[in-house]
Every structure is written in C-alpha cells, then in structure tokens.
Amino acid sequence: MATNKKREILLRAYVSFAFVLLLGAAILGRAFYIQTAHGEYYRALADSLTISAKPILAERGNIYSDDGRLLAATLPRYDIRIDFKTTYLHSDTFFKYVDAFAVEMNKKYPEKTTAQYKAELMHQRKKKSRSYLLKRNVSYNDLMEMKQWPLFCKGPYVSGIREFREDLRKNPFDMLAKRTLGGMNDSFGIYGLEKQYDSILRGKEGTIMVQRISGGAVVPIDSKEEIAAQPGHDIYTTINVELQDVAEEALRSKLKYHEAEHGCVVLMEVKTGRIKAMANLGLVKDSTYGEIQNYAIWEAADPGSTFKLATVASLIEDGYVTNNTKVYVGNGQLVLDKKSGKPIVDHAVEAPEITLKRAFEESSNVAMASLAHKYYAVSREKFYNHFKDFGFTQKINIELPGAAMPTVPAPKNWSGISAAYMAHGYGIDVTPLHILMFYNAVANNGVMVQPHVVEKVKSYNRTIDSTQTIVLNEKICSDKTLAQLHELLVAVVENGTATNLKTDYLHVAGKTGTAVISQGKKGYSVEGNKVYRASFCGYFPAEDPQYSMIVVVNSPNANGYYGNKVAGTIFKEVADKVYSLNLNLHKSVNGVPIANTTYPVISKGYTEDLQNIYTHIGKKINAPESEWSKVTATENKLLLAENTIGYQTVPDVVGMSMKDAVYLLESLGLRVSANGKGNVFAQTGAGEIVIKGSVVNIQLR
C-alpha cells in the first residue's frame, strides 16, 4: 500500500517534470522560430519604439552694418543640469569628485560657498533628482571651461551632467537702430528686418536620429535619414554705425530738452536711396526714451510746412508762378471757410504783398493757401496728379514691415477749401519718409529713387542677392522748376526760418515745419491747448547734394516748439557729423595739406584706409601687400609697413582709429568697451590668448 502510494507520487513528479521540460522546449523552439523567421520584423518594431527623429535648429543668419560690423547675431546659451539617477549608478565616481567639483563651482560662481554647493549636490543625489539645475544661461566659453572640471569631464553617461542649448538673439550695439533691425521673442514679438527677412535668416531645419536607452538617456545614432541643418543667410544693411549713433544721441538729447513725446531722424544718400541712419525714439517713462515704434515709416500725419515745397513745385511746373511772383498776404489772415469764419494765419507779416520766394523763406501759410485756392480749387485733378508724381499717394515699398499707406483724398472728395489747406500741409496724412523721398528727388535733379535699408544678402562669402537703386520717377518736374525749388530751399537757410543752420563750412538747403497735430475728434485745439509737430527736411551740401535728411519731433512741451529750434538743431548736429567723417565734403581744403606735421595722425589701421588718408593730405606713401599696416615717420616722409596680426592673441590696437580697433577686435570674437573719442591710446589684454566673448577695454583721445 505504501509502495503504491510512493510510485503514484513519483509518477506525478515525473509527469510534472516532463511537462516543464516540454514547455521549456516549446518556449525555446518558439523563440528560435521567432528569431529566425520573424527576427527582422520584431527588431525593426523594437527600434521603432526607441528610435525617433529629432529636429536640429538651423543657425540663424547675422545682420551687418554697411562696413561689415555685426548688428545682430545668434549666441548660444546653455542650462547645465544633472540627472542623479545616472550618477546613482556611478557612486564611486560621484563621491570621488564631488568635493573638487564644488570647489570649481564656487570659484566660477561665488554666490554660494563650496560647502553649500556640496550640500546641495548630496541632497539632490539622495532625492535621485532627474533634472537638477546647476546653472542657467551659461555662455559657450564658460561651458567649454566647465567641461574640463572634475566630474563634468567624465561625460554625461558617467557624471549625469548635460547641457541644454538655447539660442538667444543679441545686438552687439545694444539698442542701436533697434526698430529697424528688429527683435525676436520680446514684448513686441518679431519685428523689423528680423521679421521681414525671417525666412531667409532662419535657414532650414535638419533632423538627427536618436535612440532612447536605459535610464531615459537619449543618444544620437548613425542613420541615412539624417539631414543636416542649413544655416540662414546673412543680411548686410546700409546702416552706418557712427551716423546711426550720432542721430540717436542728437534725437534723444533734444527729446529730453523739449520734453517731447517721440521723434525720428532719417539720413539717406541722395543718388542711391541708401538709408545711412534711421533713428526712432519714443517716451517710455520718466524722461527715458527707447525705440518702441518706427515712426519714420509707420506714422502718417499732417506734414505741415515741409509740404509747401510740393505746393510751390506744382504751381511753378504748371506755369502759374515763379519765385518772383508777387503774392498778397494782407494782414496775415485769410478766411476761406465762411461758415466757421476760422482764418488761415501767418505767424508774422512783413508787408501786405511779398514775393513767392520771401513767402517761402518765412513759411507763409496765407501765401500758399491763397495761390492753391486760386489755381486748384477748381482744377483739382491737376493738383492731385502732382501729388502722384511726387510719390505721396502710394505706400513706400521699403524692406521693413509696418509701412503706412498715406491718406491723400481723391479730388472728388475735396471741399471748396481742401486745396488751400493741403497747400500748407493739412488734410493729408503722409509719413516722414514720403517727405524725405520727395526732397531727395529735388536734390537728385528730379530723379526719385526708392529708399532702402538692405544692401545685399550673403551665404558665407557668396552674394546671393543685392539691392540695386530703383528709380520710381525719372523726372518729377522740369529742370527749370527744380532750379527755382533749389533756390527757395537755400534761401530758407540763408535768409528765412532756418538761419540757425547756416555755417561757412557746410551749406544746407531745406525747409522748416511747425504743424499743429490733430487730436482726433477733439480737433486741432483742446481747451485752447495745441499740440505741435516740429520738423526739418533738406539736403547737403547745397551746391552738390550728397545726403538728404528729415527730422520730426512730436509734442515738444518745453523750451519751444518751432521747427528750426527743435528739429533743425538735430539736423545740424547729424549733418556736422557726416561732414567730419567724409573728407570728400571738405572741398575748401582739397589739394591742401591739412597739417604740416612730420608724425602720423593715425599710426595703425587698415592699409587701404591709411593710404587714402595720407594721400589726401599730400603725404604719398607706398602700401605693403598686407591687410593691416602701421605708419612711422622720418623728417621728410612717412613709411607704411606691414602690421602682422596674430589671430590667436589679442592684437595691439593702440594708435588705431576707434572704427578699425573695434572691427579688428570684434572679428576675433572679442567684446569691446570704449571710452572717450578719437584714436586708441590705451587698451587691456594686448598679447593675451584670445578667449571669445571676453571684454577688451580701449581708451580714446
């Protein structure tokens, strides 16, 4: 009985064991079958669950000034984080290097002590934190330094330390020409050239294949599906850094002095339409001004007296008047609106009857209104067609977003007094750039060119697109009319409302404007208080126009509001700067040595520039075949020798102009802090190893 029981138990055990063996064999067999018959399928399925495509952002293109200086660039910034689930697997490594790592953190970022850094790291490791933030916004140079530290140098799969890149758009000259250059991801969104050329600047995204491995880490893998990112193209503007800077500073100073709301300055080359400076400043708070809107292209408003040139041009071109035509202005008041009885008024009256030239010099509203009313109140189409020819009826096609459409009513919508009011700059809305474009055409022998701020688009060193001067109107009026207009604009500065701009060295032609600003439905005067817009538009040198410029200042509330005192002084300051920088404008000294000296004024610099400077002042020198040179002097001659620049060390820029020094240092990836004016007489860091992003201080005198 007992024996039978034992056999039964053994039999059951054998059966169970056999069943397990058979099951194991079946599993192995099935596994072998899957491995051989369907292995490729399941391996691909596994890969599909762990491998994915990750986008690679393209490097955004840069924006440059007219001489190749960097105005906007993308700089990488990194957040440094630790995955302590990775470091937990390498505890020996962590404990071996944590003290030394904390010491390095304290040296680099002393806001915490070494002990505090170590305590934090130990605490976070104990918590097994997955993404502990060590440091935010680390520069590329600092990242490279940190990667040499203990622990960090072991790599991400041992140390758990990883960097996370974010590209930040930076402007090396800070807020210079900010509304023109534009910005990204700030309170204004994307605007300016950054917006207009976004598709060109941003390039094309690439893709890289990555695989997720144990611990949640992601690693790149080789794949035929990988696509390299294509960097964006670079934009080269027409903006001149020095002229932009002086325009902004002159504008800012006067806005503060007159407690004005906002203003703009635009400087343009007459022949080409290249805009060399476009400054736009508005009141931010507490007498602080910033580039918050591009008023030059965006703000369409009553132009005031600067529009009188268009009225006179129309009258002369149609044969109704000449500069010597007598105009009756009476007592300086003209009532055309019988219903309201509101007069058109002159601020001063010399005599009841004056010539058109004198009326323009003194900016007579009555003279312009009475002439326009006489000849165009009925012949409205004729007056309007001149507005078309002068460019006032179409939006300006400039490479910037936000350009305003002017408002010039069609003749069918005019009242009986519309022509009279338009004649002295009211009842129409145009931008400052419209006025400048018209004045520029007068300066350019009647040829109206399109203003532009982009010179070319480049990919590496290859130009892929360039801007040619676009002629909008071959001739806005006859040469006879142009000659009389030029005479009038010169007379305004010589004998009229802008005599404060008169100098012996630089002759200016232009027109003042002092307009009353409409306050919407409240009209032009609220409780007897008027808001003014001061402006001046003109060109220089008057005898051979090279540059045109407009200055507009809105709502000056202190120290006067007239165009000559408010806008005219800004015009003069910028024009003087252009004159000082451009030797070609110094016609009175051509061929005459500027100084009888045996020593060089600028002792180091760009070879071609040095040769041009010294040739101009009567010192002929032979130039070496090098990009940079230095000048030495003997009793009778100047010698130009090669100045070897070592691109691994910080160059010695003492003796250079600020322009050359800043260009050379920035081309090596250095940042420059300059103090003073003139040439460099002292600097820091000369001869030291170049560390990109580090600051070199230069002193000028």
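Within the range 236-246, is even one residue within 13 Å of residue 177 (Cβ to Cβ), touching a Gly at 6+ places or on another chain (Cβ under 9 Å) and assigned to a strand (DSSP E or B)?
Checked the range 236-246: no residue is within 13 Å of residue 177 (Cβ to Cβ), touching a Gly at 6+ places or on another chain (Cβ under 9 Å) and assigned to a strand (DSSP E or B).
Look through 454, 378 and report the one residue that is among the β-branched types (Val, Ile, Thr), in contact (Cβ under 8 Å) with a residue 24 or more places away in the chain and in the same structural domain as residue 294 (by TED's automatic domain parsing).
After applying the criteria, what remains is 454.
Assess whether residue 374 counts as being closer than 28 Å to residue 448 by Cβ, of a type outside the set (Val, Ile, Thr) and in a strand (DSSP E or B).
no
Scan the range 625-636 and tell me whether some residue there is crowded, with 22+ Cβ neighbours inside 10 Å, among the hydrophobic types (A, V, I, L, M, F, W, C) and modelled with pLDDT under 80.
Yes: the range 625-636 contains one or more residues that are crowded, with 22+ Cβ neighbours inside 10 Å, among the hydrophobic types (A, V, I, L, M, F, W, C) and modelled with pLDDT under 80.
Which residue pairs have Cβ atoms under 6 Å apart, sit 6 or more places apart or on different chains, and have a first residue in the range 311-333 that is more than 22 Å from residue 348 (Cα to Cα) and a second that is of a type in the set (A, V, I, L, M, F, W, C) and surrounded by fewer than 14 Cβ atoms within 10 Å (Cβ to Cβ)?
If the second residue must be of a type in the set (A, V, I, L, M, F, W, C) and surrounded by fewer than 14 Cβ atoms within 10 Å (Cβ to Cβ), no pairs are left.
Determine whether the range 460-473 contains at least one residue that is buried (at least 19 other Cβ atoms within 10 Å of the Cβ) and small (Gly, Ala, Ser).
Within the range 460-473, not a single residue is buried (at least 19 other Cβ atoms within 10 Å of the Cβ) and small (Gly, Ala, Ser).
Give the number of residues within the range 336-362 that are basic (Lys, Arg) and farther than 22 Å from residue 310 by Cα.
The qualifying residues number 3.
Out of curiosity, is residue 666 outside any loop (DSSP other than H, G, I, E, B), modelled with pLDDT of 80 or more and outside the structural domain of residue 65 (by TED's automatic domain parsing)?
When the stated conditions are applied, residue 666 passes them.
Out of 256, 308, 342, report the one residue that is in a loop (DSSP other than H, G, I, E, B) and charged (D, E, K, R).
Unique residue meeting the criteria: 342.
Taking the conditions exactly as written (crowded, with 23+ Cβ neighbours inside 10 Å, touching a residue at least 24 places away in the same chain (Cβ under 8 Å) and assigned by TED's automatic domain parsing to the domain that holds residue 485), does residue 291 satisfy them or not?
Judged against the criteria, residue 291 is a match.
Which of the residues belonging to the range 399-413 are part of a loop (DSSP other than H, G, I, E, B) and free of Cβ contacts under 8 Å to residues at least 60 places away in the same chain?
408, 409, 410, listed by residue number.
Working only within the range 404-450, note down all residues that are closer than 28 Å to residue 541 by Cβ and of a type in the set (A, V, I, L, M).
Within the range 404-450, 430, 433, 435, 436, 437, 441, 442, 443, 447, 448, 449 meet the criteria.
Specify which of the listed residues (65, 91) is modelled with pLDDT of 80 or more, outside the structural domain of residue 453 (by TED's automatic domain parsing) and small (Gly, Ala, Ser).
From the options 65, 91, the qualifying one is 65.
Among the residues that make up the range 692-701, is at least one of them closer than 19 Å to residue 581 by Cα, touching a residue at least 24 places away in the same chain (Cβ under 8 Å) and not basic (Lys, Arg)?
Yes, the range 692-701 has at least one match.
Does any residue of the range 99-115 turn out to be farther than 30 Å from residue 466 by Cα and at pLDDT below 90?
Looking through the range 99-115, none of the residues is farther than 30 Å from residue 466 by Cα and at pLDDT below 90.
For the range 542-561, how many residues are crowded, with 19+ Cβ neighbours inside 10 Å and not in a strand (DSSP E or B)?
3
Pick from the range 188-202 the residues that are among the aliphatic types (A, V, I, L, M) and surrounded by fewer than 21 Cβ atoms within 10 Å (Cβ to Cβ): which of them is farthest from the chain's Cα centre (by Cα)?
Filtering the range 188-202 for residues that are among the aliphatic types (A, V, I, L, M) and surrounded by fewer than 21 Cβ atoms within 10 Å (Cβ to Cβ), the one farthest from the chain's Cα centre (by Cα) comes out as 200.
Return the residues of the range 267-297 that are in a strand (DSSP E or B) and among the aliphatic types (A, V, I, L, M); say none if nothing qualifies.
Residues satisfying the conditions are 267, 268, 275, 277, 278, 279, 281, 283, 284.
Could you tell me whether residue 266 is at pLDDT 75 or above and in contact with a Leu (Cβ under 8 Å, 6 or more places away or on another chain)?
For residue 266, the condition - at pLDDT 75 or above and in contact with a Leu (Cβ under 8 Å, 6 or more places away or on another chain) - is met.
Which residue pairs have Cβ atoms closer than 6 Å, lie 6 or more positions apart in sequence or on different chains, and pair a first residue in the range 414-432 that is under 16 Å from residue 345 (Cα atoms) and in the same structural domain as residue 313 (by TED's automatic domain parsing) with a second residue that is β-branched (Val, Ile, Thr) and in a helix (DSSP H, G or I)?
Between residues of the range 414-432 that are under 16 Å from residue 345 (Cα atoms) and in the same structural domain as residue 313 (by TED's automatic domain parsing) and residues that are β-branched (Val, Ile, Thr) and in a helix (DSSP H, G or I), the close pairs are 423/311.
Considering only the range 101-152, how many residues are of a type in the set (D, E, K, R) and within 14 Å of residue 78 (Cβ to Cβ)?
Going through the range 101-152 one residue at a time, the tally reaches 6.
Out of (1) under 27 Å from residue 449 (Cα atoms); (2) buried (at least 21 other Cβ atoms within 10 Å of the Cβ), what's the single condition that is false for residue 382?
It is condition (2) that residue 382 fails.
Residue check, residue 319 against (1) touching a Ser or Thr at 6+ places or on another chain (Cβ under 9 Å); (2) part of a loop (DSSP other than H, G, I, E, B); (3) among the small types (Gly, Ala, Ser), all met but one. Which one?
(1)
Within the range 645-658, is there a residue that is crowded, with 18+ Cβ neighbours inside 10 Å and modelled with pLDDT under 80?
Checked against the condition, which is being crowded, with 18+ Cβ neighbours inside 10 Å and modelled with pLDDT under 80, the range 645-658 yields no hits at all.
The values are calculated or read from the model by the stated rules, or taken from the named source; none is laboratory data. Quick caveat: nothing in here was measured; it's all calculated off a predicted structure. Virtual Cβ from ideal backbone geometry, glycine too; neighbours counted across all protein chains shown.
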